[in-house]
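Got a structure here, written out as structure tokens. Questions coming.
The values are calculated or read from the model by the stated rules, or taken from the named source; none is laboratory data. It should be emphasised that the depicted structure is a prediction, and the values quoted were computed from it without experimental measurement. No Cβ is skipped: glycine too gets one built from the backbone with ideal geometry, and neighbour counts run over all protein chains shown.
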Amino acid sequence: MQRDAGHVPFVSSGAYPLRPANFVRPLVDGEPAFRRICQAVEAARKSVWVTVAFIQRALQMPDGRGSFFDVLDRARARGVDVRAIFWRCPELEAVDPGTHFSGTEQERGWLAERGTRFLARWDRAQKLYCHHQKSWLIDAGEPTEVAFVGGINLNQASIVAPGHAPNGARQTHDVYVEVRGPAATDVHHNFVQRWNEATERADASGLWPADGHTDLEFPRRVSAAAGEIPVQIQRTVRKGMYRDGTPTPGGERHAIEAGDYSILDQYLRAIDSAQRSIYIEDQAIGSAEIVAALDQALRREVAVVFLVPGVPNREMVQGLRRAESEPFRKALAALGASPNFVLAAIAAGGGAGEYQDIYVHSKIALIDDAWATIGSTNIANRSFYGDTELNASFWHAPTVRALRHELFLEHTGEQTTALDDRAALRLFAEHARTNAGRRARGEPLQGLAFALDPASYAQ
């Protein structure tokens, strides 16, 4: 199998093999991503299967399509097999209500009032971890099959275009990826595994509606070729979560009862093999293993840019402020000593107005302008070891470069199509550092990206 970035290894530690001959299309930010997903749902002939983590019930999909539930209800009304797996966490409902759809009595009553007939199962994670996968699978196993994997939450802030929100409106930057071809078979396999073993499936409150529920068959054949791009689907599945180790077509049996930690494996192998550049966007920078790998990459004179939220979430702040986190804080600060490292965030406005933080929620990495991963996984221990996650990694220089061009244009306002990866990262770094000075002086930002101090981040 020919693949770009051949020096970046794929992994054999998970359930899914490297698949050739796929079509891949990154989808940057919520409005275009959900527009494309809704188009696929509207074209569905057989099935629409979705895994949901966080969702606001009132979220409105693009172009007047209504809510997530409206979109699925319309598909079901056309005779399509529609199924959703919702994460259930009563503890979260008690402290942060309205952020996920946990199947409470009130919520199931609301489904009854609206006449919802698509099938749903609720799934609890171990301890207080999260079923964090955000995937859509249309027409599973059919010639029209298409999968979407990413990190975008179903909330209104995700629909607002970065840099274009009304004053005070929350804005989120995020990324999905569309996949067609053999790798979609593994998204199919993952959904079946979760559906059949959803923790609440034996409880009347864990099903919607109470009748019509059937388990699903695992895929029996690999989907047809759809392009030229090698793709590997990777996961985090905590030990003891699932028991049925039925292998994916063309793959070997994986001992799923022992878990699946192939996303961390892939991240470390990819960073360790980087020769020129590493560009990461993530909601967190909270993994000592990843920071150590980045340190080694910097020692090899690899250029590194890491985009994070300028205003980090409270879990990141609380974690970094703990006394036992001092070694990690020092390691993070040490990255900033390298001239080849930039920690950055994005915001809009400034000057006479206030700066509007744009929350970086994407979970992506680009290496050497030829390999990338897009998914739901944060650079944090809970994502690598505890939460249930799903990523798609691909080896294809034209697609990775096009994604880098799109991201850098959004974040800096500068075209980088004529630049190689190292020159583009240098431009990004210069832009971010200049904007940090503007921000310190209270001046308007030019573009969105500005540099942060790793030694004081989230503290």
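Report, by residue number, each residue of segment 434-458 that is within 26 Å of the chain's Cα centre (by Cα) and surrounded by 13 or more Cβ atoms within 10 Å (Cβ to Cβ).
447, 448, 449, 450, 451, 452, 454, 457, 458
What are the residues in segment 296-313 that are more than 17 Å from residue 454 (Cα to Cα) and either among the polar types (S, T, N, Q) or modelled with pLDDT under 95 (or both), if any?
none
Please find, among 327, 309, the residue that is free of Cβ contacts under 8 Å to residues at least 60 places away in the same chain, within 23 Å of the chain's Cα centre (by Cα) and under 20 Å from residue 458 (Cβ atoms). First the steps, then the outcome.
Numbers: 327 fails: within 23 Å of the chain's Cα centre (by Cα).
Step by step, each of 327, 309 is checked, and only 309 is free of Cβ contacts under 8 Å to residues at least 60 places away in the same chain, within 23 Å of the chain's Cα centre (by Cα) and under 20 Å from residue 458 (Cβ atoms).
While we're looking at this one, here's another question. Report yes if residue 323 is assigned by TED's automatic domain parsing to the domain that holds residue 424 and surrounded by 15 or more Cβ atoms within 10 Å (Cβ to Cβ), otherwise no.
Values: assigned by TED's automatic domain parsing to the domain that holds residue 424: yes; surrounded by 15 or more Cβ atoms within 10 Å (Cβ to Cβ): no.
Spelling it out, it is not the case that residue 323 is assigned by TED's automatic domain parsing to the domain that holds residue 424 and surrounded by 15 or more Cβ atoms within 10 Å (Cβ to Cβ).
Considering segment 78-94 alone, what residues qualify as being surrounded by fewer than 18 Cβ atoms within 10 Å (Cβ to Cβ) and more than 24 Å from the chain's Cα centre (by Cα)?
Step one: filter segment 78-94 for residues surrounded by fewer than 18 Cβ atoms within 10 Å (Cβ to Cβ), giving 78-79, 81, 90-94.
78, 79, 81, 94, listed by residue number.
Another question about this same structure. Say whether the condition of being of a type outside the set (Ser, Thr, Tyr) and assigned to a helix (DSSP H, G or I) is met by at least one residue in segment 365-375.
So the first thing to find is which residues in segment 365-375 are of a type outside the set (Ser, Thr, Tyr), and the list is 365-372, 374-375.
Going one step further and asking which of them are assigned to a helix (DSSP H, G or I), we end up with none.
Among the residues of segment 365-375, not one is of a type outside the set (Ser, Thr, Tyr) and assigned to a helix (DSSP H, G or I), which makes the answer no.
If you go through segment 197-219 one residue at a time, how many are touching a helix residue (DSSP H, G or I) at 6+ places or on another chain (Cβ under 9 Å), more than 25 Å from residue 257 (Cα to Cα) and surrounded by fewer than 17 Cβ atoms within 10 Å (Cβ to Cβ)?
Filtering segment 197-219 for residues touching a helix residue (DSSP H, G or I) at 6+ places or on another chain (Cβ under 9 Å) gives 198-201, 205, 208-210, 215-219.
The next check asks that each one be more than 25 Å from residue 257 (Cα to Cα); those that pass are 205, 208-210.
Next, from what is left, pick out any that are surrounded by fewer than 17 Cβ atoms within 10 Å (Cβ to Cβ): 205, 209-210.
Counting residues in segment 197-219 that are touching a helix residue (DSSP H, G or I) at 6+ places or on another chain (Cβ under 9 Å), more than 25 Å from residue 257 (Cα to Cα) and surrounded by fewer than 17 Cβ atoms within 10 Å (Cβ to Cβ) gives 3.
Continuing with the same structure: Taking only segment 51-77 into account, find how many residues are buried (at least 18 other Cβ atoms within 10 Å of the Cβ) and part of a loop (DSSP other than H, G, I, E, B).
4
Please name all residue pairs, on different chains or six or more residues apart, with Cβ atoms under 6 Å, provided the first residue is in segment 80-109 and is assigned by TED's automatic domain parsing to the domain that holds residue 199 and the second residue is of a type in the set (Lys, Arg) and surrounded by fewer than 22 Cβ atoms within 10 Å (Cβ to Cβ).
82/76; 88/124
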